[in-house]
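To start, the structure under review is shown below, and the notes come after it.
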Amino acid sequence: MRVTPPDLRRMKERGEPIAVLTAYDAPTARILDEAGIPVLLVGDSLGMVVLGYENTTSVTMEDMLHHAKAVARASHHALVVADMPFMSYAVSVERALENATRFIQESGAQAVKVEGGERVAHTVQRMVEGGIPVMGHLGLTPQQILNLGGYKVQGRSAEAAEEIVRDAILLEEAGAFSLVLECIPAPLGQLVSECLRIPTIGIGAGPGCDGQVQVLHDILGLCPGFHPKHAKLYATLAQEIAQAVSRYSEEVRNREFPAQEQSYGMDPDLIQGLRDRIRREGWSHATP
Ligand code: KIV
C-alpha cells in the first residue's frame, strides 16, 4: 500500500516528521522506497543534477514524464510526486490540467507539485477538484530564477514574509495537500507550519517544518563543488565512485580484471576443435 496525502496529514497531526527525498531513476527509487522514505519527489532539479542544465527552466514535460515513470515503476510504498516543469502550468488552466493529467495517467505518479502562491491558487483548486493531489512550493521557487537573478533566501522583509504566509494559506484553501518551503528563515518556516493544517516540507526552511526534503545528490555528495548551506553531507559518493572506477580502469589495463570468477567456461575440446577448423579452413586473416 502506498502512502497517501491523508497519511501525511495524519503524520503532521501526530507530530511525526516527514522525510522526503528526490528520486529520478529506478535503482535509487527502489533503494529509497525500501528504506521507508514516505514521499519520493521527482523534482525538476533533475535538470541540474542529472541532465546537466544550468537551471530548471530547460526541463520539459517529456523529461519529467520519462523520469517519473522510472520512479513510479520501481517504488511500491512511497507517494510519488512529479514536479510540473517550467511553463507547463502557466499558459492556461486547461493546459495545466492536461499536463497534470499526463503525470497521473502516463507516468504513474500519484501527485504533482507546482511552484507559486496566489498566481497558481486557482489552477491548484481546479486540479484538486479534478482529482489530482497537488503539493505547493513557496519561498525560493527555482523556476523563477530568471526573474530572481540568483538563488537567494526569500521572505526576509516584513512584506515578503507576509506574502509567503498569505500564499501558504491560499494554497491550503485551494486544496493543496502539502507545501514545500524553500530557503526561507527558520522562524518563518515555523510560523507558516503553525498556520496550516497541511504539512509543510522544508528545504532550507528550518526545523520547525513538518517534514524535510533534500535533493538526493546534494546529501550524497554526488555534485562536488556545489554544496548548498541547507544540505548536510551524509556520504561522499562522487569520491567513492572516482576511486572505484580508477581501480577498475587500472585492473583492466594490468589484466587483473576480469579474473576466473567473472568469466564463463567452455569444454576445452570444443574450443580446440573450433580453433583447428578456423586454421585449417583459413576462415580468419589473423592466426588464432
Ligand atoms: O526540484 C526539486 O528537487 C525541488 C525540491 C528542491 C523541493 O523542487
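Looking across Ala90, Ala82, one residue alone is under 27 Å from Glu34 (Cβ atoms) and modelled with pLDDT of 95 or more. It is Ala82. Out of everything in the stretch 215-255 that is hydroxyl-bearing (Ser, Thr, Tyr) and open to solvent by 80 Å² or more (accessible area, probe 1.4 Å), what residue ends up being farthest from the chain's Cα centre (by Cα)? Residue satisfying both the conditions and the ranking: Tyr248. Picking from Met1, Met11, which residue would you name as being open to solvent by 70 Å² or more (accessible area, probe 1.4 Å), in contact (Cβ under 8 Å) with a residue 12 or more places away in the chain and of a type in the set (A, V, I, L, M)? Just one listed residue meets the conditions, Met1.
Residues of the stretch 204-248 that are under 18 Å from Val20 (Cα atoms) and touching a His at 6+ places or on another chain (Cβ under 6 Å): Gly204 alone. Of the residues examined, Gln212 is one that is surrounded by 11 or more Cβ atoms within 10 Å (Cβ to Cβ), in contact with a strand residue (DSSP E or B) (Cβ under 8 Å, 6 or more places away or on another chain) and outside any loop (DSSP other than H, G, I, E, B). The residues of the stretch 122-152 that are buried (at least 19 other Cβ atoms within 10 Å of the Cβ) and away from the ligand (no atom under 12 Å from the Cβ), listed by number, are Thr123, Val124, Met127, Ile132, Pro133, Val134. Among the residues of the stretch 68-120, the one identified as away from the ligand (no atom under 13 Å from the Cβ), within 21 Å of Thr200 (Cα to Cα) and of a type in the set (Asp, Glu) is Glu118. Does Tyr53 qualify as being open to solvent by 70 Å² or more (accessible area, probe 1.4 Å) and either closer than 20 Å to Val134 by Cβ or within 14 Å of the ligand (Cβ to nearest atom) (or both)? So Tyr53 passes the test. Picking from residues in the stretch 30-50 that are under 24 Å from Gln143 (Cα atoms) and open to solvent by less than 20 Å² (accessible area, probe 1.4 Å), the one that is nearest to the ligand (Cβ to nearest atom) is Gly43.
The values are calculated or read from the model by the stated rules, or taken from the named source; none is laboratory data. All values reported here derive from a predicted model rather than from experimental measurement. Cβ: placed from backbone, ideal geometry, glycine included. Neighbour counts: every protein chain shown. Keep in mind that these areas ignore ligands, DNA and RNA; they rest on the heavy atoms of the full protein, side chains included. Shrake-Rupley method; radii C 1.70, N 1.55, O 1.52, S 1.80 Å.
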